[in-house]
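S.K.: This is the structure I have questions about; it appears just below.
The values are calculated or read from the model by the stated rules, or taken from the named source; none is laboratory data. Please read these numbers as outputs of a predicted model, since none were measured by experiment. Ideal geometry is used to build each Cβ from the backbone, glycine not excepted, and the neighbour counts take in all protein chains shown. Side chains are part of the model used for accessible areas, which takes the heavy atoms of the whole protein and leaves out ligands, DNA and RNA. Shrake-Rupley method; radii C 1.70, N 1.55, O 1.52, S 1.80 Å.
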Amino acid sequence: MAPVRLPQKERERMLALELRRTQALLERLIDSSPDAVVACDLTGRVVLFNKAAEVLTGYTAAEAIAALEASQLYVPGVPRELVERMRGSGSGLRVEGYRTEVIPKAGGRVPVLLAASLLEEDGEEMAWVAILVDQRERIDVEKRLATAEEKLKEREKQAMIAELAGAAAHELNQPLTSVMGYADLLRRRVPPGDPSARPVEIIYREAERMAEIVRKIGRITRYETTTYMGKVRIVDIDKATDE
């Protein structure tokens, strides 16, 4: 049985209906994109503006299509550079991973990651469309991670300094105890007025001073520095203790 052939007008009507359905579907898909989609003609006039673009820029689609131009939306020089890059690319009139900023209605600048394509019809350039991904949250996360990393490094440094100080105090304490013990023994044995009495007393006092420094080193809990002999930085024992 031969297929029924519809009249020309009916076929045209059905084709127009199908095109409208397809167009409506595409518009819904573009509007539901989580990323901003903005298209401009070759004069820079905005011809397409989805809901995510409204959220990103503060313009309504009606405002953008009625009066907004690429020169108002992007930072100076970006639209021209994008078109030149798309024309000069070897990847089918596309640009990807382009970092720039857009200027929202309220002012200021919003960092975005942009992918753009130059649209042609019958070999003739018609418009260019860009997908804009808001980078504010990503940049904020990167800053927080960098801060956390710095804090972690600082804590590791503090822990390393405290461990090193504790080990140094422990190793110095034993020989210093011996020095002080022998110095005290000499003090007791040297009679008053003996020429060696004063040097022995100096040895004992300096050993006591060293013992106090060792005790401070053993109490170091954080990394604090001070200037020593010009530009050299050394650990400030007094500020680095927990007292």
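S.K.: Report the extension gain between Lys51 and Arg109 in nm, rounded to one decimal, defined as 0.36 nm multiplied by the number of residues separating them, less their alpha carbon distance.
M.R.: Full-extension gain reported as 19.0 nm.
S.K.: Given a 1.4 angstrom probe, I'd like the percentage of the accessible area of region 31-111 that is carbon and sulfur, rounded to a whole number.
M.R.: Within region 31-111, the accessible surface is 51 percent carbon and sulfur.
S.K.: Taking the Cα-to-Cβ direction at Glu120 and at Leu42 and moving 7 Å from each Cα, how far apart do the two end points lie in nm?
M.R.: Simple spin-label model gives 1.2 nm for this pair.
S.K.: Dipole of region 79-202 (Lys/Arg Cβ +1, Asp/Glu Cβ -1, origin at the Cα centre): which of Ala115, Leu93, Pro199 lies farthest to the positive side?
M.R.: About the Cα centre, the residue reaching furthest to the positive side is Pro199.
S.K.: Same structure, new question: Scaled to the compact-protein estimate 2.2 N^0.38 Å, what is the alpha-carbon radius of gyration of region 121-209, rounded to two decimal places?
M.R.: 2.84
S.K.: Between Ala159 and Arg94, how many nm apart are label points set 7 Å from Cα along the C-beta direction?
M.R.: 4.6 nm
S.K.: If amide H atoms are built 1.01 Å from N in the plane of the peptide, which residues on other chains or at least 5 residues away come under 5 Å of the amide H of Asn50?
M.R.: Excluding prolines and chain starts, which carry no amide H, the hits are Val37.
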